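Colleague: The structure is given below, and queries will be raised subsequently.
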Amino acid sequence: MKTSTLLVIYAAISLIFGIGFLFSPNLILSMYGLELDALGIFLARILGAAMLALAVLTWSTRNIGPSEARNAIVLSIFVFESLGFVLSLIAQLAGILGVMGWSFVILFLIFAVALGYARFFKPAAE
């Protein structure tokens with residue numbers, strides 16, 4: 001898969017989750033067996049804003065060819081997705097999330113692997 005295609009897919013998913021966390025965090029997280037208090041709602045909305053920023057970043061840079069700038073962007077998002085995988089796996093194994101929590105784990109893992117491949121193993125010229 002081309003890195004530009006990966007960035008478009010990432011932008012779309014980040015947009016969906018970003019809007020959900022920003023405007024309806026209780027509804028989204030109730031599907032995962034979570035109830036939020038006022039602080040949880042605030043933090044989920046901050047996460048939503050960050051996800052929307054990632055959507056804008058990845059959409060805006062989707063057509064940048066191989067370069068140091070694109071490598072830095074892909075590396076940064078790879079770090080986020082890798083940490084997200086580890087943290088969501090820990091939460092899932094601790095029983096914090098319901099069965100739907102595995103979707104977080106799997107989504108973080110898929111993007112960590114794809115971005116890691118794009119950053120570290122893909123030939124420079126696409």
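Colleague: What number of residues in the stretch 89-121 are small (G, A, S), out of contact with any Asp or Glu (no Cβ under 9 Å at 6 or more places or on another chain) and either closer than 19 Å to L6 by Cβ or part of a helix (DSSP H, G or I) (or both)?
Modeller: Result for the stretch 89-121: 4.
Per-residue answers, yes or no, for (1) farther than 21 Å from I16 by Cα; (2) at pLDDT below 95:
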| position | (1), (2) |
| --- | --- |
| I73 | no, no |
| L89 | yes, no |
| G95 | yes, yes |
| M100 | no, yes |
| I106 | no, no |
| L109 | no, no |
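Colleague: Now for a different question. Test of understanding: among I41, I28, which residue is buried (at least 16 other Cβ atoms within 10 Å of the Cβ), of a type in the set (A, V, I, L, M) and within 23 Å of W102 (Cα to Cα)?
Modeller: When all the criteria are applied, what remains is I28.
Colleague: Count, please, the residues in the stretch 29-55 that happen to be touching a residue at least 12 places away in the same chain (Cβ under 8 Å) and either among the β-branched types (V, I, T) or assigned to a loop (DSSP other than H, G, I, E, B) (or both).
Modeller: Summing the residues that are touching a residue at least 12 places away in the same chain (Cβ under 8 Å) and either among the β-branched types (V, I, T) or assigned to a loop (DSSP other than H, G, I, E, B) (or both) in the stretch 29-55 gives 5.
Colleague: Based on what the data block shows, is G20 over 18 Å from G98 (Cα atoms) and either among the hydroxyl-bearing types (S, T, Y) or touching a residue at least 24 places away in the same chain (Cβ under 8 Å) (or both)?
Modeller: The answer is yes for G20.
The values are calculated or read from the model by the stated rules, or taken from the named source; none is laboratory data. Keep in mind that this is a model prediction, so the values were computed, not measured. Because the Cβ atoms are built from the backbone with ideal geometry, glycine has one as well, and the counts that use them run over all protein chains shown.
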